[in-house]
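J.: Handing you a structure now.
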Amino acid sequence: MNFFTILMLSLSTGIPGFVVGGLALTLILLALIRRDTTMMIIAAFLLVPLAYTLGAWWGLLVVVRLMPLFPLLSVIAISREDTLLAWLLPLPSVGYLVYYLFRLVASDFSGV
């Protein structure tokens, strides 16, 4: 369990956090444009380290902890060819990723 926590923490801070967050944001946008479910699933898995280390199980941060579910719900909408839901469901994740990346760059990659 300790190894998992250290891995999640190291993948969500500094330069690795910027790479993982940027890759997740890029994959979400590409999956929406191309209507590709595989890319969206990969992006949801890349959101797991950020959601694990920056979220909580109580209060408002529970939305951050459940952030990978939004792209996964979008996968269902993409497979059912519902374009509006496919674009609306990952918006909380996209907004949080943009906020996280700007905050990471503003802190000079020292952590969030």
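J.: Can you tell me which of (1) in contact with a Pro (Cβ under 6 Å, 6 or more places away or on another chain); (2) hydrophobic (A, V, I, L, M, F, W, C); (3) farther than 17 Å from LEU47 by Cα is the one ILE76 doesn't meet?
T.: (1)
J.: Considering only residues of the range 10-25 that are in contact (Cβ under 8 Å) with a residue 12 or more places away in the chain and among the hydroxyl-bearing types (Ser, Thr, Tyr), which is farthest from LEU47 (Cα to Cα)?
T.: Pass one, the range 10-25, residues in contact (Cβ under 8 Å) with a residue 12 or more places away in the chain: 11-15, 17-18, 20-25.
If we keep only those that are among the hydroxyl-bearing types (Ser, Thr, Tyr) too, we end up with 12-13.
Values: SER12: 9, THR13: 13 Å.
Looking at the filtered set, the residue picked out is THR13.
Residue-by-condition table, conditions (1) surrounded by 21 or more Cβ atoms within 10 Å (Cβ to Cβ); (2) over 12 Å from the mean Cα position of the chain (by Cα); (3) not small (Gly, Ala, Ser):
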position: ILE6; (1), (2), (3): no, yes, yes
position: GLY17; (1), (2), (3): yes, no, no
position: GLY21; (1), (2), (3): yes, no, no
position: LEU30; (1), (2), (3): no, yes, yes
position: ASP36; (1), (2), (3): no, yes, yes
position: ILE41; (1), (2), (3): no, no, yes
position: LEU61; (1), (2), (3): no, yes, yes
position: MET67; (1), (2), (3): yes, no, yes
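J.: Another question, then. Any idea which of (1) surrounded by 14 or more Cβ atoms within 10 Å (Cβ to Cβ); (2) within 15 Å of LEU11 (Cα to Cα); (3) touching a residue at least 24 places away in the same chain (Cβ under 8 Å) is the one PRO92 doesn't satisfy?
T.: Exception for PRO92: condition (2).
J.: Then there is this: Please enumerate the residues belonging to the range 14-64 that are in contact with a Ser or Thr (Cβ under 6 Å, 6 or more places away or on another chain) and among the acidic types (Asp, Glu).
T.: Result: no residue meets the conditions.
J.: At least 3 residues that are among the hydrophobic types (A, V, I, L, M, F, W, C) and farther than 28 Å from PHE3 by Cβ in each: list the helices (runs of 4 or more DSSP H) lying fully within the range 23-108 that qualify. Don't jump to the end; show me each part of the working.
T.: Numbers: elements: 37-54, 62-65, 69-79, 83-88, 91-106.
Counting at least 3 such residues, we get 69-79, 83-88, 91-106.
Any read-out appearing in this document is the output of simple, stated calculations on the displayed coordinates, not a laboratory observation. Model, not experiment: these values are computed from the prediction. Cβ sites come from the backbone with ideal geometry, for glycine too, and all protein chains shown count toward neighbours.
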